Structure formats: structure tokens, C-alpha cells
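Inspection log for the structure reproduced underneath, given as C-alpha cells.
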Amino acid sequence: MDKAQQDALKKAAGIEAAKLVTNGMIAGLGTGSTVRFLVDELGRRVQEEGLQFTGVTTSRRTQEQAEGYGIKIVDVDDVDHIDVTIDGADEVDKNFDGIKGGGAALLWEKIVATNSNKIVWIVDESKVVDTIGAFPLPVEVIPFGAGHVIKKFEAKGYKPVLRLDADGKEVRTDENNFVVDLHLGRIDHPRELAEDLINTVGVVEHGLFLNMVDTVIVGDPNGPRVMTNGNK
Ligand SMILES: O=C(CO)[C@H](O)[C@H](O)COP(=O)(O)O
């Protein structure tokens, strides 16, 4: 699949998911190239159809895009609930376990997701996998002592790589932390891994989102396909 085809599938999933946002809702808005299509569609509806909703964003990038359309954005601590959060994902398997954080927004994404009544992911079909882990697992790490965290990951065979930008500088999250990507190949025991990562001092959060999502909307060449999680 070339990039244009993949973008078309992402866009179709984003437009389909935008239908879930209705007047008066508080909606969590994720981060990434698929979510950009979602926000474009929500912005269009705000401007052309008078849709009124309040957004809680998972990154400054999404906040800027949404506010550019005149979408009202508030801080996560200024709402007492979030009706639905729509976000992208890097991988998702048939058990609805997934990896997020390719766009370095995993911490805010997980905070918004865990405070949402419903979580919806929008992905193109290449993200639906049998076993997660081919996509390097992002881990958000505090800069102080990050070298030691990386050494501990190396000793455990996690194959960590500190994420750098195009200029060779450490990528910083919206919380000014580093991202370490674990090149695991496959993750057979995600719950054990999640437990180990979150108990490592210096780790703020990891990109394993295990059985959190309610619905996955998959951009498929035959039209958006909906996968519903019956185990939540
Ligand atoms: O988790 C994320 C950002 O931290 C994204 O949702 C994930 O990386 C998918 O991005 P894209 O839609 O660009 O493929």
C-alpha cells in the first residue's frame, strides 16, 4: 500500500468517526496523521453545520489544529467527564491490545483515554495485527537518569533506542520528557511487560494500551469497518 492509499483509508476512518461527535458533547481528540483527518472533518462540521462541542486534546499539535477551526478546547482538568475520545493507534490485535505513542503523545493520550466514557481508535488496515510488537514500543522516560533506564532495558533484552529528531536531538514530549522505543519484534506477554515497565523508576508511562479501546474503526478499501470490543 502506498502512502496515498494509506492516507485515503485514514481519512475514511476519520470521517466515519467524526459522526460520533454530536452537539453538546465533550470529546477527547487524539494525536497523529489519522486524527488530523478527524479534526479536519470536525472543523468542517463546526464551520459549515454549526456543530457545537467541547474538545480535550492530547497534544499541543492537535490543540493548535482544532483551535484553528474555532473548536472550543479546554484543559482535561476543566471537565468532569469526557463522552468519547477518538484517537489513532500504531498497532491493535484481536484482543484489543494496542500500541500507541508513535507520535510521542502517549502520556497525555493515556490520561485522556482513562478519563473517557468511551474510547474509539481510527486506523488503516495495516495497523491491525495478529501479535503486537513489530512496531517499536514507545516508553516516556524522565530525562534525569534516562541513560540508566536505557541500560536496564538493554540488560533485559528490550533493545531500547532513544528517539531522536531529524537534527539528531532527543525528541521531547509535551511534558518535556524523552521517548525510548523498544524494538521487541513481538510482544507475547503484554501485561507482564506493562507491569515491568511501569515499575521501572524514571519511566512515566508506556505505550501499551491493553483492552482499553471500545471500538476500532478500520479504514478498509471496501469502506470503514467497525470492530467492537466485547470484553470490556
Ligand atoms: O499514538 C499516537 C501518537 O502518540 C498516534 O495515535 C499513533 O502514532 C498513530 O499515528 P498515525 O495516525 O499518524 O499513524
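The values are calculated or read from the model by the stated rules, or taken from the named source; none is laboratory data. It should be emphasised that the depicted structure is a prediction, and the values quoted were computed from it without experimental measurement. Here Cβ is always computed from backbone atoms with ideal geometry, including for glycine, and neighbour counts include all displayed protein chains. Just so you know, the surface numbers come from the protein's heavy atoms only, side chains and all, with ligands and any DNA or RNA stripped out. Shrake-Rupley method; radii C 1.70, N 1.55, O 1.52, S 1.80 Å.
Considering amide H positions built from the backbone, and no H for Pro or chain starts, which residues 5 or more places from residue 132, or on another chain, come under 5 Å of its amide H?
Distant-sequence amide H within range of residue 132: 187.
In sequence order, what are the phi-derived ³J(HN,Hα) couplings for segment 60-77 according to the Karplus relation 6.51 cos²θ - 1.76 cosθ + 1.60 with θ = phi - 60°, rounded to whole Hz, with x for glycine and proline?
Once θ is set to phi - 60°, the couplings for segment 60-77 become 5, 4, 5, 4, 4, 4, 5, 5, x, 8, x, 6, 6, 10, 10, 6, 4, 7 Hz.
Sort 41, 170 by accessible area with a 1.4 Å probe, largest first. Before the final figure, lay out the partial values.
Numbers: 41 30, 170 70 Å².
Highest to lowest solvent-accessible surface, that is 170, 41.
Residue-wise, which Karplus ³J(HN,Hα) couplings in Hz belong to segment 24-31, taking 6.51 cos²θ - 1.76 cosθ + 1.60, θ = phi - 60°, and x for glycine or proline?
Running phi through 6.51 cos²θ - 1.76 cosθ + 1.60 with θ = phi - 60° gives x, 6, 9, 10, x, 10, x, 9 Hz.
Once a ≥ b ≥ c are taken as the square roots of the eigenvalues of the Cα gyration tensor of the chain, is the result rounded (a/c under 1.5), prolate (a/b larger than b/c) or oblate (a/b not larger than b/c)? Don't skip to the answer; put the middle values down first.
Values: a/c = 1.78, a/b = 1.46, b/c = 1.22.
Cα axes put the chain in the prolate bin.
For residue 162 and residue 226, what is the calculated FRET efficiency with R₀ set at 30 Å and r taken between the beta-carbons, to the nearest 0.05? Mind showing how you got there, number by number?
Numbers: r = 37 Å, r/R0 = 1.24.
The calculated FRET efficiency here is 0.20.
Using a ≥ b ≥ c from the Cα gyration tensor of segment 137-204 (square roots of the eigenvalues), is it rounded, prolate or oblate, where a/c under 1.5 gives rounded and otherwise the larger of a/b and b/c decides, a/b for prolate?
On the way: a/c = 1.79, a/b = 1.49, b/c = 1.20.
Prolate shape, in that a/c is at least 1.5 and a/b is the bigger ratio.
Quick one: which residues, 5+ away or cross-chain, put their amide H under 5 Å from the amide H of residue 210? H built at 1.01 Å from N.
For residue 210, whose amide H was placed from the backbone, the distant partners under 5 Å are 98.
Once phi is turned into θ = phi - 60°, what whole-Hz ³J(HN,Hα) does the Karplus curve with 6.51, -1.76 and 1.60 give for every residue of segment 14-20, x standing for Gly and Pro?
Listing the rounded values in order: x, 5, 4, 5, 4, 5, 6 Hz.
Can you list which of the chymotrypsin sites (Phe, Trp or Tyr not before Pro) found in segment 116-165 are DSSP loop residues with at most 14 other C-beta atoms within 10 Å?
144
Would you please give the residues with an amide H less than 5 Å from that of residue 85, counting only those at least 5 places away or on a separate chain, with H modeled from the backbone geometry?
28, 118, 119, 120
Hey, in the GNM for the chain with a 10 angstrom Cα cutoff, which one of 107, 210, 164 fluctuates hardest?
Top of the fluctuation ranking is 164.
Just to confirm, what accessible area per residue do you get for the chain at 1.4 Å probe, in whole Å²?
Values: 11010 Å² over 232 residues.
That works out to 47 Å² per residue.
Report in % the part of the accessible area of the chain that belongs to carbon and sulfur, leaving out ligands and nucleic acids; probe 1.4 Å. Write out the running numbers ahead of the final one.
Values: 5340 of 11010 Å².
Carbon and sulfur together cover 49 percent of it.
Give me the distance between the Cα centres of segment 2-26 and segment 182-216, rounded to whole Å.
26
Given the chain, what percent of its DSSP beta bridges are antiparallel, to the nearest 5?
Details: 21 of 40 bridges.
Percentage antiparallel, nearest 5: 50.
If packing is taken as the average count of other Cβ atoms within 10 Å, what order do 123-135, 5-17 fall into, highest mean first?
Working: 123-135: 18.8, 5-17: 20.8.
Listed from highest to lowest mean packing, they are 5-17, 123-135.
Could you tally the net charge around residue 98, taking each other residue with its Cβ under 9 Å from the Cβ of residue 98, Lys/Arg +1 and Asp/Glu -1? Don't skip to the answer; put the middle values down first.
On the way: positive: 100, 127; negative: 90, 91, 93, 97.
Result for the local shell: -2.
Counting Lys and Arg as +1 and Asp and Glu as -1, what is the net charge of the other residues whose Cβ lies under 12 Å from the Cβ of residue 47? Please list the in-between numbers first.
On the way: positive: 44, 45; negative: 40, 41, 48, 49.
In short, -2.
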